[in-house]
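Accompanying notes for the structure given below.
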Amino acid sequence: MNQPGDRLKTAVADKPSPIEEPPKQDEPRGTIAEWTITILLLLFGTTTLVQAFVIPTGSMEDTLLIGDHLLVDKLAYAPSGPVSKFILPYEPVQHGDIIVFRYPVDISQTFVKRAIGIPGDRLKIINQQIYRNGVKLTEPYVYHKNPYPDTYRDNFPGTEPNSMLYDAAKDMLQNHVTNGEVVIPPNYYFAMGDNRDNSLDSRYWGFVPRENIIGKPLIIYWSYNASTENLASSSVNAMSRHFVDLAQHFFVKTRWNRTLMLIHGYHSND
């Protein structure tokens, strides 16, 4: 089964691997947005506190769209020191957080997913519905866009895999399943895309190590209706097409309603 995944591409440089018409807006608003982000970047920096990324694929739809440009808070989950813990708002990864992390299969790639399970949780999926520690989850952010059932994807880990699994996922199924549930070990997390039927996630490549987690998205500073082909490729032709498209359609294809939109996780009371 082909899964697109949802690797993020850094706004500065990246080396991606192959794996959706908003209203026209006047120029002043674009200028305001540009200056706002410039000030943010000057205040917080782009290497130690925040980092810019662009979404090239649709695995987190409709929460995050192809062409959403994000600022990611790199300090949110940073380990706290004896002094800094009283100054900076460090926090643990919580259920429902949207997390940015280095892809365990290839740490040169960066993924964005939602944290569905944290250490010690027991997870299973029955008919596309997730049960965590025996409780059925309410997931208003999830979309099912594929009308065709898939035994492994929709009933996990209760059925035999019918698609390629990476070694870490095989190890997960062999050594971390008890009574039909995946048990998440210490210092690991289970991540899934909101576009649940079209997400290359922990079901296929295993757990996310704690040390791989970079941070959480803070804000969409710009959103542009571009194609995965143009955003996910670093080829000269793809980049040229993207720049030409920007020059011709910047105001028409910019999603002004998503500009400066804050990004929040979903925290239930379970």
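The values are calculated or read from the model by the stated rules, or taken from the named source; none is laboratory data. Predicted model, so just to flag it, every value in this text is computed and none were measured. Quick reminder, even Gly has a Cβ in these numbers, built from the backbone with ideal geometry, and neighbours come from all protein chains shown.
Across segment 212-261, what is the total count of residues that are polar (S, T, N, Q), surrounded by 16 or more Cβ atoms within 10 Å (Cβ to Cβ) and at pLDDT 85 or above? Walk me through it before giving the result.
Pass one, segment 212-261, residues polar (S, T, N, Q): 212, 223, 225, 227-228, 230, 233-235, 237, 240, 248, 254, 257, 259.
From the residues that got through so far, the ones that are surrounded by 16 or more Cβ atoms within 10 Å (Cβ to Cβ) too are 212, 223, 225, 227-228, 230, 233, 254, 259.
With the extra rule that they be at pLDDT 85 or above, the set shrinks to 212, 223, 225, 254, 259.
Selection size over segment 212-261: 5.
Please verify whether Glu160 is of a type in the set (D, E, K, R), out of contact with any Cys (no Cβ under 8 Å at 6 or more places or on another chain) and modelled with pLDDT under 95, treating the condition exactly as stated.
Values: of a type in the set (D, E, K, R): yes; out of contact with any Cys (no Cβ under 8 Å at 6 or more places or on another chain): yes; modelled with pLDDT under 95: yes.
Against the criterion (of a type in the set (D, E, K, R), out of contact with any Cys (no Cβ under 8 Å at 6 or more places or on another chain) and modelled with pLDDT under 95), Glu160 qualifies.
Would you call Leu200 closer than 22 Å to Phe156 by Cβ and among the hydrophobic types (A, V, I, L, M, F, W, C)? Working first, answer last.
On the way: closer than 22 Å to Phe156 by Cβ: yes; among the hydrophobic types (A, V, I, L, M, F, W, C): yes.
For Leu200, the condition - closer than 22 Å to Phe156 by Cβ and among the hydrophobic types (A, V, I, L, M, F, W, C) - is met.
Which pairs do you get when a residue that is of a type outside the set (Phe, Trp, Tyr), found in segment 172-187, comes within reach of a residue that is modelled with pLDDT under 95 and surrounded by fewer than 17 Cβ atoms within 10 Å (Cβ to Cβ), reach meaning Cβ atoms under 7 angstrom, with the pair 6+ apart or on two chains?
Gly180/Gly158
Tell me which residues, restricted to segment 164-191, are surrounded by 14 or more Cβ atoms within 10 Å (Cβ to Cβ) and among the small types (Gly, Ala, Ser).
Ala168, Ala169, Ala191
Are any residues in segment 90-120 part of a loop (DSSP other than H, G, I, E, B), under 20 Å from Met172 (Cβ atoms) and not aromatic (Phe, Trp, Tyr), and if so, which ones?
Kept after step one, since they are part of a loop (DSSP other than H, G, I, E, B), are these residues of segment 90-120: 90-97, 103-109, 118-120.
Narrowing further to those that are under 20 Å from Met172 (Cβ atoms): 93, 95, 103-107, 109, 118-120.
Residues satisfying the conditions are Val93, His95, Pro104, Val105, Asp106, Ile107, Gln109, Ile118, Pro119, Gly120.
Take Ile126 and decide whether it is closer than 29 Å to Leu262 by Cα and either aliphatic (A, V, I, L, M) or modelled with pLDDT of 95 or more (or both).
Values: closer than 29 Å to Leu262 by Cα: no; either aliphatic (A, V, I, L, M) or modelled with pLDDT of 95 or more (or both): yes.
So Ile126 does not fit the description; no.
From the residues in segment 21-80 that are of a type in the set (D, E, K, R) and modelled with pLDDT of 85 or more, which one is nearest to Tyr221 (Cα to Cα)? Break it down into steps so the answer makes sense when it comes.
Taking segment 21-80 as the starting set, the residues that turn out to be of a type in the set (D, E, K, R) are 21, 24, 26-27, 29, 34, 61-62, 68, 73-74.
Subsequent filtering for residues that are modelled with pLDDT of 85 or more retains 61-62, 68, 73-74.
Details: Glu61: 17, Asp62: 17, Asp68: 8, Asp73: 13, Lys74: 16 Å.
This residue is Asp68.
Cβ-Cβ under 7 Å, sequence separation 6+ or interchain: first residue in segment 117-144 and farther than 17 Å from Met60 by Cα, partner of a type in the set (Gly, Ala, Ser) and assigned to a strand (DSSP E or B). Which pairs?
Leu123/Gly117; Arg132/Gly117
Which residues, counting only those in segment 104-129, are small (Gly, Ala, Ser) and either at positive phi or touching a strand residue (DSSP E or B) at 6+ places or on another chain (Cβ under 7 Å) (or both)?
Quick first cut of segment 104-129, residues small (Gly, Ala, Ser) only: 108, 115, 117, 120.
Correct list: Ala115, Gly117, Gly120.
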